[in-house]
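Novice: Sharing a structure here in structure tokens format.
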Amino acid sequence: MAFAPILRGLVWGALGFLLGGGGAVLVRLLLGLPAFQPEPLITIGYFPGLLGWLLGVGAWDVWAREWFGLPVRREAVYDWRRYFRFTTDHKVIGVQYLVTFVVLFLLAGFFAMLMRIELMAPGPTIMSAGLYNHIMSMHGIIMIAVAVAAIIGGLGNFAVPLLIGAEDMAFPRINALSYWLIPPVAVLLVSTFFAGGFDSGWTAYPPLSEVNAPGQVLFNLAVITFGFSSILGALNFLATILRLRAPGMTWRRLPIFVWSIFAASFISLTATQFLAAGLLMILLDREAGMTFFNAARGGAPLLYQHIFWFYSHPAVYIMILPAFGLALEILPHFSRKPLYAYPWLVAGFFGIVFLSFIVWAHHLFTSGMPDYLHGPFMATTELISIPTGLVFLSALGTIWMGRLRLKTPMLFALGFLFNFLIGGVTGIFNADVPTDLHLQDTYFVVGHFHFTIMGGMIFALFAGIYYWFPKITGRMYNETLGKLHFWWMFLTFNTTFIPMFWLGLFGMNRRIFDYPPALGSVNRFISISAFLLGSSFVVFVSNMVLSWARGPQAAANPWQARTLEWQVPSPPPVHNFPAPPQVVGHPYDYGFTNSVHALVGVSGGSGEQGVDTDG
Amino acid sequence: MDETRKRAQLRLGLWVFIALIILTVVELWIAFAVPRPLLYLVVINLADAWLIMEYFMHLSRMWRAEE
Amino acid sequence: MQTVRVHVPYDHTHTRRIGLWLFFISEGFLFLALISSRYYLFGLSRPEELNQALGLLITTILLLSSLTAYRAETSILHGDQGMFLRNTLATILLGSLFLVGVALEWAEAFRFFPPHTRFGTIFFTLTGMHGFHVLSGVVLLVFLYFHGRRGRFGVTNTWPVEGVIKYWHFVDVVWVFIYPTLYLVSS
Ligand SMILES: [Cu+2]
């Protein structure tokens with residue numbers, strides 16, 4: 001039975017939930033409290049339920065049995081069924097992540113379409129104000145999850161061990177665990193529709209998040225679980241990159257995508273705990289009568305904003321650093337030139353990591369934070385343009401005078417640069433206190449954020465998907481459809497989000513279904529653009545599905561790239577390399593005669609390994 | 001000789017424990033004898049944490065290649 | 001389908017150590033968030049109702065349990081099964097005693113600063129979160145004890161012992177910072 005592990009996970013999860021919830025009811029009865037109170041019941045039942053799910057889906061067989069002195073049970077499944085199992089192969093986990101998050105991306109995009117229908121005209125059109133806020137919150141949190149995990153969890157899992165010449169991740173079972181924590185997150189978020197929804201956005205600011213419907217509790221549990229998953233993922237990447245590099249893979253020869261995952265993992269590992277702590281405090285306020293953020297009882301609502309942004313500002317770099325890495329990984333291969341200023345680029349990454357921890361309060365300029373903090377946080381925020389500038393200079397230096405091959409991955413990487421430039425420059429107006437006082441909570445912020453995350457991270461994600469599609473599936477995607485997807489998405493993306501800057505300057509508030517009637521025509525234009533943007537993904541999905549099913553066989557190295565993953569057959573064999581590859585040179589030295597990146601023992605017939613076949 | 005190494009290691013553990021207890025008592029004394037003790041407490045905590053991490057958790061072994 | 005695996009010769013125990021330390025760093029940030037909330041909400045003031053004697057006592061108990069944990073690890077590294085079991089058992093007992101101490105604290109705290117006051121919020125959250133870590137450590141130690149009784153650890157298989165006991169010490173390090181945060185800081 002293909003779905004037996006999942007079914008068992010559901011059954012064990014339900015049992016765990018009943019056990020935990022039943023225990024809570026029992027304790028409450030013993031203490032003489034009213035037995036049934038839904039919110040604490042859900043919260044207390046959830047964690048044993050989660051444990052039951054994880055054990056049932058496979059952690060018991062491949063892991064927990066050994067804690068009881070029993071031999072572990074591993075099934076050798078190599079067909080499509082392994083994607084529905086607690087598989088420990090990093091390539092399978094990468095595909096699991098990728099498919100899950102593309103589906104979630106489409107779901108959250110569907111919510112965005114609903115929002116744009118509502119915003120076609122001022123005043124109520126198709127939904128109530130409350131439902132709009134719930135849909136908006138769902139769109140927000142799911143897209144945030146996609147942005148945090150799609151590149152790192154999907155492409156990172158697939159590519160990092162290959163790029164560094166390893167057999168698998170350092171902790172394959174933890175890797176599987178961090179993937180199987182994701183389905184409960186999705187289920188919890190979708191089930192908020194049956195618990196009154198949550199209308200506090202993905203930021204969940206109190207006081208609203210402490211007084212709204214029980215859907216908020218499901219949201220908090222979902223995001224805490226998601227945070228746990230990304231902490232475990234980050235831990236695994238750090239240990240893998242520190243310990244499992246192939247012989248000769250020195251820090252100066254590390255592919256740039258690996259560097260970016262390494263840098264982003266430092267942030268996920270540490271800052272994510274603050275998000276979990278903040279959301280836990282909200283639960284304690286709601287359910288245990290505590291008073292972290294409850295001003296009426298002496299708490300401080302502003303504390304939440306500090307804790308939340310101490311995670312969530314660095315989190316935008318969890319999203320964007322791997323996107324930088326992905327774009328810069330692709331640029332040299334398709335420009336046939338070395339990566340420009342490689343050491344400075346790495347320094348730029350770590351400059352961003354460092355600065356990202358000391359800028360959080362730029363989100364609090366209008367929240368009533370003491371005035372003397374405005375200047376310092378404005379200054380640190382604007383310092384980030386220096387390391388980001390290094391990244392851009394490196395990208396420009398790489399494509400400068402290059403022989404550009406404008407294949408789909410390259411187009412998306414270039415589109416990333418264009419969009420992120422707009423996103424970055426408009427960020428300055430949000431970082432400057434005088435302009436931010438005017439722009440805070442308007443569509444200007446919405447435009448800025450979507451240019452960085454959708455125009456940046458999502459474009460890089462597509463670049464990476466097209467780039468590694470032949471390696472992942474063993475088949476080639478359709479280049480015409482790929483290019484069509486790029487131009488369709490690129491143009492409609494810009495016509496959707498550029499007018500939002502204008503709307504914001506004219507005072508249109510975000511996170512509300514209504515706006516002044518004078519802004520109607522621009523909103524109509526944005527909505528129509530957004531529908532066109534949404535329809536571009538039909539091209540993407542059909543290209544992916546058709547090519548995976550019946551695309552032409554892909555060669556081992558269709559891009560004539562030098563990095564290690566292209567030196568093995570497509571798709572790579574179970575243990576990646578027949579023997580540990582010997583790394584002897586820099587990965588991006590295109591155009592240097594006799595320059596070799598690595599010696600890979602046996603290969604699937606891609607010609608001379610690691611030699612620049614172009615130059 | 002293995003026995004003497006073991007005994008030496010156990011004795012080291014005991015000394016670390018005694019040091020920790022002394023630091024804790026000093027901490028308590030400072031907290032009630034000194035106004036605004038935060039800074040001193042942080043320094044003592046860092047010393048405590050270093051003792052535990054270095055001698056009980058073998059932190060510096062992480063940088064040694066052998067073993 | 002069988003593939004011959006070619007392993008890169010490397011020390012997996014060292015990788016596990018790195019993973020465990022990374023986990024500690026991550027957990028450290030969780031406690032950093034909670035500890036800094038104390039200063040944000042309550043500044044540097046210290047309630048007079050705190051039971052200082054009990055606070056000192058449970059701190060001492062936890063430090064003592066770290067010593068016994070250290071002795072357990074040292075003895076298994078030298079192959080001394082009996083001493084390992086005795087010290088593991090002592091650590092379990094001391095850890096449980098610590099939890100009893102926290103329970104006594106809570107009983108008093110409900111009277112003086114219940115959870116709906118600012119200090120109560122901080123006190124219950126910090127001791128609760130730390131107590132949860134102690135509890136999980138005790139559970140892990142119990143597993144260790146029963147495996148140890150079957151003679152599953154020796155000079156060659158010490159990673160489970162090392163991992164659990166490192167975790168126990170980490171919980172102690174966290175308490176080292178929580179103790180003054182709750183009991184000692186004053187203005
Ligand atoms: Cu920010």
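Novice: Putting +1 on Lys and Arg Cβ atoms and -1 on Asp and Glu Cβ atoms, find which of C:Leu77, C:Phe98, C:Thr181 reaches farthest to the positive end of the dipole of the protein assembly as shown.
Specialist: Among C:Leu77, C:Phe98, C:Thr181, the one farthest towards the positive end of the dipole of the protein assembly as shown is C:Leu77.
Novice: Further question: What nm distance separates the two modelled labels at A:Val574 and A:Ser521, each placed 7 Å from Cα along Cα→Cβ?
Specialist: Calculated label separation equals 6.6 nm.
Novice: Normalise the Debye intensity by I(0) for segment A:1-154, one equal point scatterer per Cα, no solvent, then take log10 at q = 0.10, 0.11, 0.13, 0.15 Å⁻¹ and round to two decimals.
Specialist: -0.59, -0.69, -0.88, -1.01
Novice: Mind checking which aspartates and glutamates have their Cα closer than 14 Å to the Cα of C:Lys166? Skip sequence neighbours fewer than 8 apart in that chain.
Specialist: The reachable aspartates and glutamates, counting only those whose Cα sits under 14 Å from C:Lys166, are B:Glu54, C:Glu27, C:Glu73.
Novice: Taking R0 as 51 Å, what FRET efficiency do you get between C:Ala107 and A:Phe418 from their Cβ-Cβ distance, rounded to the nearest 0.05?
Specialist: The computed FRET efficiency comes out at 0.20.
Novice: Using unit Cβ charges (K, R positive; D, E negative) and no other charged atoms, how large, in debye to the nearest 20, is the dipole of chain B about its Cα centre?
Specialist: For this selection, approximately 100 debye.
Novice: Let's test the formula: R0 of 56 Å, r as the Cβ-Cβ distance of A:Ala347 and A:Leu29. What FRET efficiency results, to the nearest 0.05?
Specialist: 0.40
Novice: Once you list every other residue whose beta carbon is under 13 Å from the beta carbon of C:Gln52, what net charge do they have if Lys and Arg are +1 and Asp and Glu are -1?
Specialist: Net local charge, C:Gln52 excluded: -4.
Novice: Under a point-charge model restricted to the Cβ atoms of Lys and Arg (+1) and Asp and Glu (-1), what is the dipole moment magnitude of the protein assembly as shown relative to its Cα centre, in debye to the nearest 20?
Specialist: Dipole size: approximately 1500 debye.
Novice: Excluding the sites themselves, what is the longest stretch of chain C that contains no trypsin sites (Lys or Arg not before Pro) in a DSSP loop with at most 13 other C-beta atoms within 10 Å?
Specialist: Result for the longest clean stretch: C:6-149.
Novice: Determine the shielding of peptide C:174-185 by partner chains: average, over its residues, the number of Cβ atoms on other chains within 10 angstrom of each Cβ.
Specialist: 5
Novice: In peptide B:3-10, how many Cβ atoms from other protein chains are near each Cβ within 10 Å, on average?
Specialist: Taking the mean over all residues of the peptide, I get 4.
Novice: Using a simple charge model, +1 on the beta-carbon of Lys and Arg, -1 on the beta-carbon of Asp and Glu, nothing else, what dipole does segment A:87-550 show about its Cα centre, in debye to the nearest 20? Don't jump to the answer; show the numbers that get you there.
Specialist: Values: 21 positive and 16 negative charges, 326 e Å.
Using only the charged Cβ atoms, the result is roughly 1560 debye.
Novice: Still on this model: Taking every pair of Cα atoms in segment A:87-550, average 1/r, invert it to obtain the Kirkwood radius, and report Rg/Rh to two decimals.
Specialist: Rg/Rh for segment A:87-550 comes to 0.95.
Novice: Could you work out how much longer the chain between A:Phe506 and A:Ala295 gets when fully extended? Use 0.36 nm per residue separation minus the Cα distance between them, nm to one decimal.
Specialist: 72.6 nm
Novice: Can I ask one more? Given N residues in segment B:2-63, what is Rg(Cα) / (2.2 N^0.38 Å)? The partial results should precede the final answer.
Specialist: Working: Rg = 14.7 Å, N = 62, 2.2 N^0.38 = 10.6 Å.
Segment B:2-63 yields a ratio of 1.39.
Novice: With a Förster radius of 30 Å, plug the Cβ-Cβ distance of C:Arg149 and A:Arg73 into 1/(1 + (r/R0)^6) and report the FRET value to the nearest 0.05.
Specialist: 0.75
Novice: May I pose another question? Taking the Cα centre of segment A:87-550 as the origin and placing charges on Cβ (Lys, Arg +1; Asp, Glu -1), which of A:Met500, A:Phe349, A:Ile528 is farthest toward the positive end of the dipole?
Specialist: A:Phe349
Novice: Ratio to report: Rg/Rh of the protein assembly as shown, with Cα atoms as the point set and Rh obtained by the Kirkwood method; give two decimals.
Specialist: 0.96
Novice: Continuing with the same structure: Give the average, rounded to an integer, of partner chain Cβ atoms located within 10 angstrom of each Cβ in A:294-307.
Specialist: Taking all residues of A:294-307 together, the mean is 3.
Novice: While we're on this one: Rounded to the nearest 500, what is the 222 nm mean residue ellipticity of chain C from helices alone, with -39500 (n - 2.57) per DSSP H run of 4+ residues and division by all residues?
Specialist: -27500 deg cm²/dmol
Novice: Sticking with this structure for a sec: Round to a whole angstrom and tell me the spacing of the C-alpha centers of segment A:384-407 and segment A:300-365.
Specialist: Here the answer is 16 Å between Cα centres.
Novice: Hey, rough spin-label estimate for A:Arg65 and A:Ile117, points 7 angstrom out along Cα→Cβ, what's it come to in nanometres?
Specialist: Going by the 7 Å Cα→Cβ label model, 4.9 nm.
Novice: What whole-number value in Å² describes the accessible area per residue of segment C:71-187 for a 1.4 Å probe?
Specialist: Per residue, segment C:71-187 has 36 Å² of solvent-accessible surface.
Novice: With the Cα gyration tensor of segment A:480-575 in hand, give its eigenvalues times 5 under a square root as the equivalent ellipsoid semi-axes, listed largest first in whole angstrom.
Specialist: 42, 15, 12
Novice: Oh, and also: Determine which lysines satisfy two conditions relative to A:Lys337: a Cα distance under 24 Å, and not lying fewer than 8 residues away in the same chain.
Specialist: Leaving aside lysines fewer than 8 places away in the same chain, those within reach of A:Lys337 are A:Lys407, A:Lys471, A:Lys483.
Novice: Then there is this: Hey, rough spin-label estimate for A:Val11 and C:Ile25, points 7 angstrom out along Cα→Cβ, what's it come to in nanometres?
Specialist: Computed distance between label sites A:Val11 and C:Ile25 equals 4.2 nm.
Novice: Can you tell me the alpha carbon radius of gyration of segment C:71-187 divided by the globular rule-of-thumb value 2.2 N^0.38 Å?
Specialist: Details: Rg = 17.1 Å, N = 117, 2.2 N^0.38 = 13.4 Å.
That works out to 1.27 for segment C:71-187.
Novice: Starting from the Cα of C:Leu56, move 7 Å in the Cα-to-Cβ direction to define the label point; list residues of segment C:156-187 whose amide nitrogen is under 16 Å from there.
Specialist: Residues C:179-180, C:183-185 qualify, since their backbone N sits under 16 Å from the label point.
Novice: Dipole of segment B:2-63 (Lys/Arg Cβ +1, Asp/Glu Cβ -1, origin at the Cα centre): which of B:His58, B:Leu23, B:Val34 lies farthest to the positive side?
Specialist: Result: B:His58.
The values are calculated or read from the model by the stated rules, or taken from the named source; none is laboratory data. Quantities reported herein were computed from a predicted structural model and do not represent experimental measurements. Reconstructed Cβ throughout: ideal geometry from the backbone, glycine too, with neighbour counts over all protein chains shown. The protein model used for the area step is the full one, side chains on, heavy atoms only, and it has no ligands, DNA or RNA in it. Shrake-Rupley method; radii C 1.70, N 1.55, O 1.52, S 1.80 Å.
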